[in-house]
Every structure is written in structure tokens, then in C-alpha cells.
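Notes to accompany the following structure.
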Amino acid sequence: MYAFIFELPNKPYLCKTKTKNMKIGICNDHAGVEYKFKLVKMLRRRGIEVVNFGTDTPDSVDYPDFAHRLASAVESGEVELGIALCGTGNGMAMTLNKHRGIRAGLAWNTAIGRLVAQHNNANVLVLPARFISYRLAAAIVREWLDTPFEGGRHQKRIDKIPCR
């Protein structure tokens, strides 16, 4: 769910709204189990409905199985946005970005979290669970959710990303 929050001359800025109607999907492999449970609690406190597409145990699993489920849910509109966690974040990002309607951005600090929203309009945020603290992961998620997409020259660049 997106809403116009303000406009500059010929440049509407879109902002993700954090309403009780917003639904976010989350997926993870074994490396992201602990952070996932904590992030789900944080998101629910914000009034966001969360759909779990990840594993719930630390037993070794294959991250693509979970990434594909999340990507399909975002593409179909079952969820509006997604968050993915794995050890480095790279496997999830690579898998997610194979899907036509996905723009997954890997973020390891709040500045990157803000920029993948502001410049890339990432509809999935990917976090490297083995390389950042939970506190930082939560801050990145908040930054990503609260940052509007700028559009303009950034939309022009996104439009150049080929689709299958």
C-alpha cells in the first residue's frame, strides 16, 4: 500500500504507509532464524501483518526454496513487500532478483537500507544475518520502511532493468 505524502513540482514522492492493512512477507534460511522471529515481533508492533515464508529451525536448509516462495508472494500481490535473511544475504538477493517483479536490495547498514528504498525502490530488503547485529538489522528495516522512493531519474534507471 502506497500513499502520496507530499509533492514537489512535477515530482510526487511515494511513501510506504505503515497501516494495519500492510502485509510484509519474510523469509530466511537457517542463518536468519533468530533475527526473523525478532523482526516479526517488531513489525507486528508497528501494526504490520507478517507472513512467514522461511524456516523456523536452525537445521541446514537451501535458501532458494524460501526465496522463491517470498518472490512469488510479492509478485502476485499476496504481500506488498518482503524481507529476506541468510548468512551473507547474497544467496537470497541473487535468487530473488531472478524473479521478474522483484527488486531485492542487500543492505548492511542504515544508509544502504535508505538508499535501496530511495533510489532503487526495492520491494524486498535482504539482510546478511551473520555479519550484522540484530540491533542494526532492526534499524535497517525501519530505515527502509520509512524512506520514500524519489522517482525521477531513479525511475528512469529502474525502467532500464531488463525483464524476462
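The values are calculated or read from the model by the stated rules, or taken from the named source; none is laboratory data. Everything numeric here is computed off the predicted structure, so don't read it as measured data. Please note: Cβ atoms are built from the backbone with ideal geometry, for glycine as well, and neighbour counts cover all protein chains shown.
State whether the residues of the range 137-147 include one that is touching a His at 6+ places or on another chain (Cβ under 8 Å), in contact (Cβ under 8 Å) with a residue 60 or more places away in the chain and under 24 Å from Asn21 (Cα atoms).
no
Among the residues of the range 122-146, count how many are buried (at least 20 other Cβ atoms within 10 Å of the Cβ) and either in contact with an Asp or Glu (Cβ under 6 Å, 6 or more places away or on another chain) or part of a loop (DSSP other than H, G, I, E, B) (or both).
Here is the first cut: in the range 122-146, the residues buried (at least 20 other Cβ atoms within 10 Å of the Cβ) are 122-129, 137, 140-141, 143-145.
After this cut, where a residue has to be either in contact with an Asp or Glu (Cβ under 6 Å, 6 or more places away or on another chain) or part of a loop (DSSP other than H, G, I, E, B) (or both) as well, the list is 122-123, 129.
So the count comes out to 3.
Somewhere in the range 98-106, is a residue within 22 Å of Arg46 (Cα to Cα) and among the β-branched types (Val, Ile, Thr)?
No - not one qualifying residue is present in the range 98-106.
Within the range 150-162, can one find any residue that is buried (at least 22 other Cβ atoms within 10 Å of the Cβ) and either of a type outside the set (A, V, I, L, M) or under 20 Å from Met42 (Cβ atoms) (or both)?
No, the range 150-162 contains no residue that is buried (at least 22 other Cβ atoms within 10 Å of the Cβ) and either of a type outside the set (A, V, I, L, M) or under 20 Å from Met42 (Cβ atoms) (or both).
In the range 49-97, what count of residues is obtained for those that are touching a residue at least 12 places away in the same chain (Cβ under 8 Å) and in a loop (DSSP other than H, G, I, E, B)? Reasoning before the result, please.
Start the filter on the range 49-97 by keeping residues that are touching a residue at least 12 places away in the same chain (Cβ under 8 Å), which leaves 49-64, 66-75, 78-93, 95-96.
Those left that are additionally in a loop (DSSP other than H, G, I, E, B): 53-62, 78-80, 87-89.
Qualifying residue count, the range 49-97: 16.
Do we have any residue at all in the range 107-121 that's in a loop (DSSP other than H, G, I, E, B) and under 17 Å from Ala73 (Cα atoms)?
no
Considering the range 2-45 alone, what residues qualify as being at negative phi, modelled with pLDDT under 95 and assigned to a loop (DSSP other than H, G, I, E, B)?
Once the filter is applied, which keeps residues that are at negative phi, modelled with pLDDT under 95 and assigned to a loop (DSSP other than H, G, I, E, B), the range 2-45 yields Pro9, Thr17, Lys18, Thr19, Lys20, Asn21, Met22.
Arg114 fails exactly one of the following numbered conditions: (1) under 21 Å from Met22 (Cα atoms); (2) among the charged types (D, E, K, R); (3) in contact (Cβ under 8 Å) with a residue 40 or more places away in the chain. What is the number of that condition?
Unmet for Arg114, out of (1) under 21 Å from Met22 (Cα atoms); (2) among the charged types (D, E, K, R); (3) in contact (Cβ under 8 Å) with a residue 40 or more places away in the chain: (3).
With respect to Glu75, is the statement that it is modelled with pLDDT of 95 or more, touching a Lys or Arg at 6+ places or on another chain (Cβ under 8 Å) and surrounded by fewer than 16 Cβ atoms within 10 Å (Cβ to Cβ) true?
yes
Going by the conditions given, is Gly105 touching an Asp or Glu at 6+ places or on another chain (Cβ under 9 Å), under 24 Å from Ala138 (Cβ atoms) and not hydrophobic (A, V, I, L, M, F, W, C)?
no
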